[in-house]
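Everything on this sheet refers to the single structure shown next.
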Amino acid sequence: MDPIFDPEQLRTDADVAFCDERTVDDRADVDYFAGIGGLVAVGITNHDGAVLLLNSPHGWRLPYGPVGDDEDWLAAGRRLAETLTGVDCATDRVERVTRVARSTEDGDHEATSFDVVLRMEPVDGEPLGDDPAFGPWETVELGWFDSVPSDAYWDHGDAVDDIERFVD
């Protein structure tokens with residue numbers, strides 16, 4: 001696949017679910033997203049049909065991390081996947097893109113970012129990296145699941161929908 005520096009270019013791709021979202025966030029969140037391109041999530045499956053999930057503060061979800069403004073989204077996703085699994089990972093395709101327009105309640109601060117979900121090519125076994133820390137996390141809890149766990153991040157619909165894209 002060719003590098004992707006602007007997920008907006010995928011808006012007209014019939015194979016990619018593309019949507020727009022508006023959120024009202026606190027100033028710190030808007031400022032954070034003003035400084036990055038957005039978040040990339042990686043759907044890493046194995047040949048047995050299990051998916052690698054991250055236990056976030058809100059529940060299990062696809063692993064995700066920040067992407068810089070001028071960074072290739074595919075390279076960021078591969079780097080994240082390889083950090084988590086400790087093995088070479090290749091991107092199969094882009095599954096979903098959400099363009100998120102964020103603002104503070106008073107409307108004085110705004111930022112637009114993207115959430116991109118990548119499907120990685122399946123890996124052998126259930127590999128986990130020796131030191132899978134990344135982004136803001138010094139330690140992470142990872143697990144392989146063949147269905148949506150009961151303690152998934154249910155309060156965020158996209159998080160569960162994204163897991164369902166990868167489990168049988």
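For this structure, a couple of remarks:
- Residue list for the stretch 69-78, filter: of a type outside the set (A, V, I, L, M) and either touching a Phe, Trp or Tyr at 6+ places or on another chain (Cβ under 8 Å) or modelled with pLDDT of 95 or more (or both): ASP70, GLU71, ASP72, TRP73, GLY77, ARG78
- The set of residues from the stretch 100-120 being in contact with a strand residue (DSSP E or B) (Cβ under 6 Å, 6 or more places away or on another chain) and surrounded by fewer than 18 Cβ atoms within 10 Å (Cβ to Cβ) comprises ALA101, SER103, GLU105, GLU110, THR112.
- Conditions (1) surrounded by fewer than 19 Cβ atoms within 10 Å (Cβ to Cβ); (2) of a type in the set (S, T, N, Q); (3) at pLDDT 95 or above; number of the one not met by ASN55: (3)
- Count of the stretch 11-28 residues, restricted to those that are within 16 Å of the chain's Cα centre (by Cα) and either within 19 Å of ARG78 (Cβ to Cβ) or surrounded by fewer than 11 Cβ atoms within 10 Å (Cβ to Cβ) (or both), is 1.
- Boolean, PRO63 is touching a residue at least 12 places away in the same chain (Cβ under 8 Å), out of contact with any Asp or Glu (no Cβ under 7 Å at 6 or more places or on another chain) and not charged (D, E, K, R): yes
- Evaluation of VAL140 against (1) at pLDDT 95 or above; (2) more than 26 Å from PRO3 (Cα to Cα) (one fails), failing number: (1)
- Pick from the stretch 58-109, criterion small (Gly, Ala, Ser) and either outside any helix (DSSP H, G or I) or touching a His at 6+ places or on another chain (Cβ under 8 Å) (or both), ranking: nearest to ASP26 (Cα to Cα): SER103
- Extreme residue, farthest from LEU62 (Cα to Cα), among residues of the stretch 147-161 that are in contact with a Lys or Arg (Cβ under 9 Å, 6 or more places away or on another chain) and either at pLDDT 90 or above or not charged (D, E, K, R) (or both): HIS156
- Any chance VAL51 is of a type in the set (A, V, I, L, M) and under 15 Å from ARG79 (Cβ atoms): no
- Whichever residue in the stretch 110-129 is modelled with pLDDT of 95 or more and aliphatic (A, V, I, L, M) and, among such residues, is farthest from ARG22 (Cα to Cα): VAL123
The values are calculated or read from the model by the stated rules, or taken from the named source; none is laboratory data. The structure displayed is predicted, hence computed values, not measured ones. All Cβ positions, even for glycine, are placed from backbone atoms using ideal geometry, and neighbour counts span all protein chains on display.
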